[in-house]
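Visitor: One structure coming up, written as structure tokens, with questions to follow.
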Amino acid sequence: MKPRAAIVGLGGIYPMHTKSLQTLGIPVTAVCDKDAAKAQKAAQELDAQAFTCYKEMLRAGGFEVLHICLPHFLHAQAAICALETGVHVLCEKPMATTLEDATRMAKAAQKSGKALGIVFQNRYNTGVLLIKNALDSGALGAITGGYFRVTWHRKASYYTNSDWRGRWATEGGGAVINQAIHIFDLFNYFFGAFHHVKAAIANRAHPEIEVEDVADGIIFYGEKGDIPISFFVNTYHPHDAPITLEIIGEKGHAKLTGEDAEIHFNDGTIQTAGADIDAQRKYEMKSYWGVSHIKQITAFYKALETGEARGFTDKTALDTQRLVNEIYGRGALTQ
């Protein structure tokens with residue numbers, strides 16, 4: 001018998017979860033949003049119950065997995081409540097706004113024995129997996145360094161039309177914890193926990209917000225902290241430029257531009273991988289925001305089925321929370 005799901009938070013990312021669940025044949029039995037009309041509309045579309053309070057939804061029951069698509073500051077309290085109720089949790093990034101809250105989530109999962117997953121779907125992109133395999137196999141040799149760049153555009157209304165974005169208490173930060181967090185996560189996925197970081201953050205183009213719209217620095221990986229990865233991220237670029245990253249090894253170098261990966265080896269060999277076109281056609285969704293959601297959600301439910309998903313096993317997600325908060329701890333915000 002397939003597990004049943006519920007979703008809390010019916011904003012922009014919510015359709016990625018419903019589409020994924022429908023693809024898997026997982027019934028959604030309950031939905032929740034503080035906007036009652038939005039909750040009722042979604043409930044009618046999914047033949048589910050509507051709620052405006054997730055605690056009431058958890059008390060009503062009728063599902064085994066809760067998908068959390070709430071603003072950042074609500075992730076920890078909703079996840080812990082669900083886990084203590086005996087429900088598995090799949091939560092959108094970031095884990096929380098603070099390392100303390102993220103750690104509380106992980107401990108609640110371990111204590112309850114229920115699964116806690118964090119959505120970092122870019123780990124499932126085909127280009128990312130090509131690079132990951134080259135690193136894990138040693139094909140690139142010893143890594144000497146790398147960089148990444150995330151330069152996107154967020155206009156003032158992106159923040160002012162929201163009741164939680166752009167504030168430390170509710171978003172937990174800006175360009176680092178929201179827009180660029182997926183790429184920070186990828187480097188932890190590639191190399192494991194970071195050794196230390198030196199960074200600076202600032203707000204240069206968005207006076208309407210409290211948090212940063214630009215950050216730059218160096219993350220040091222490796223047991224001795226001898227693999228430097230430099231980065232630059234902002235949200236005042238004229239447009240959403242493709243994410244770029246490069247990793248340099250003694251036997252070659254890997255580059256990712258958007259979804260397209262290329263690995264050039266010193267012997268002249270080239271390996272490439274791009275968007276998963278077959279999956280896009282199959283699921284009728286964009287690869288960068290949809291197809292990989294389906295892949296991660298499929299993996300999560302498969303792990304539930306096999307019993308592999310017990311407690312909190314996603315150390316990379318906690319490492320990413322630690323990295324983000326370390327950047328904020330070391331960076332001095334300037335206007």
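Visitor: Among (1) under 23 Å from residue 122 (Cα atoms); (2) surrounded by fewer than 22 Cβ atoms within 10 Å (Cβ to Cβ), there is one condition residue 233 misses while meeting the rest; what is its number?
Guide: Condition (2) is where residue 233 drops out.
Visitor: Take the residues of segment 264-282 that are open to solvent by less than 40 Å² (accessible area, probe 1.4 Å) and touching a Lys or Arg at 6+ places or on another chain (Cβ under 8 Å): which is modelled with the lowest pLDDT? Full working, then the answer.
Guide: To start, the set of residues in segment 264-282 that are open to solvent by less than 40 Å² (accessible area, probe 1.4 Å) comprises 265, 273-276, 279.
With touching a Lys or Arg at 6+ places or on another chain (Cβ under 8 Å) added as a condition, the list becomes 265, 279.
Working: 265: 98, 279: 67.
Across segment 264-282, the extreme among qualifying residues is 279.
Visitor: Would it be correct to say that residue 240 is open to solvent by 10 Å² or more (accessible area, probe 1.4 Å) and not in a loop (DSSP other than H, G, I, E, B)?
Guide: Numbers: open to solvent by 10 Å² or more (accessible area, probe 1.4 Å): yes; not in a loop (DSSP other than H, G, I, E, B): no.
No: the conditions fail for residue 240.
Visitor: When segment 23-38 is examined, which residues are found to be more than 24 Å from the chain's Cα centre (by Cα) and either assigned to a helix (DSSP H, G or I) or closer than 23 Å to residue 162 by Cα (or both)?
Guide: Across segment 23-38, the qualifying residues are 35, 36, 37, 38.
Visitor: Mind listing whichever residues of segment 67-123 are open to solvent by 10 Å² or more (accessible area, probe 1.4 Å) and polar (S, T, N, Q)?
Guide: Those that are open to solvent by 10 Å² or more (accessible area, probe 1.4 Å) and polar (S, T, N, Q): 77, 85, 97, 98, 103, 110, 112, 122.
Visitor: What is the one condition in (1) touching a Phe, Trp or Tyr at 6+ places or on another chain (Cβ under 9 Å); (2) open to solvent by less than 80 Å² (accessible area, probe 1.4 Å); (3) touching a residue at least 60 places away in the same chain (Cβ under 8 Å) that residue 216 does not satisfy?
Guide: Answer for residue 216: the failing condition is (3).
Visitor: Okay, next question. I need the full set of residues from segment 150-165 which are open to solvent by 50 Å² or more (accessible area, probe 1.4 Å), assigned to a strand (DSSP E or B) and under 19 Å from residue 321 (Cα atoms), in order please.
Guide: Listed by number, the list is empty, since nothing qualifies.
Visitor: Which residue is surrounded by the fewest Cβ atoms within 10 Å (Cβ to Cβ), if the candidates are limited to segment 249-263 and must be at pLDDT 95 or above and part of a loop (DSSP other than H, G, I, E, B)?
Guide: Among those residues, the one meeting the criterion is 250.
Visitor: For segment 1-22, enumerate the residues that are part of a helix (DSSP H, G or I) and crowded, with 16+ Cβ neighbours inside 10 Å. Walk me through how you get there before you give the answer.
Guide: The first filter runs over segment 1-22 and keeps only residues part of a helix (DSSP H, G or I), leaving 14-22.
Those that are part of a helix (DSSP H, G or I) and crowded, with 16+ Cβ neighbours inside 10 Å: 14, 15, 16, 17, 18, 19, 20, 21.
Visitor: Quick check, is residue 139 farther than 29 Å from residue 71 by Cα, aliphatic (A, V, I, L, M) and either surrounded by fewer than 22 Cβ atoms within 10 Å (Cβ to Cβ) or touching a helix residue (DSSP H, G or I) at 6+ places or on another chain (Cβ under 8 Å) (or both)? Please lay out each step first, then the result.
Guide: Working: farther than 29 Å from residue 71 by Cα: yes; aliphatic (A, V, I, L, M): yes; either surrounded by fewer than 22 Cβ atoms within 10 Å (Cβ to Cβ) or touching a helix residue (DSSP H, G or I) at 6+ places or on another chain (Cβ under 8 Å) (or both): yes.
Yes.
The values are calculated or read from the model by the stated rules, or taken from the named source; none is laboratory data. Just so it is clear, the structure is predicted and the values come from calculations on it, not from any experiment. All Cβ positions, glycine included, derive from the backbone under ideal geometry; neighbour counts span all protein chains shown. SASA here: full protein model, heavy atoms, side chains in, ligands and nucleic acids out. Shrake-Rupley method; radii C 1.70, N 1.55, O 1.52, S 1.80 Å.
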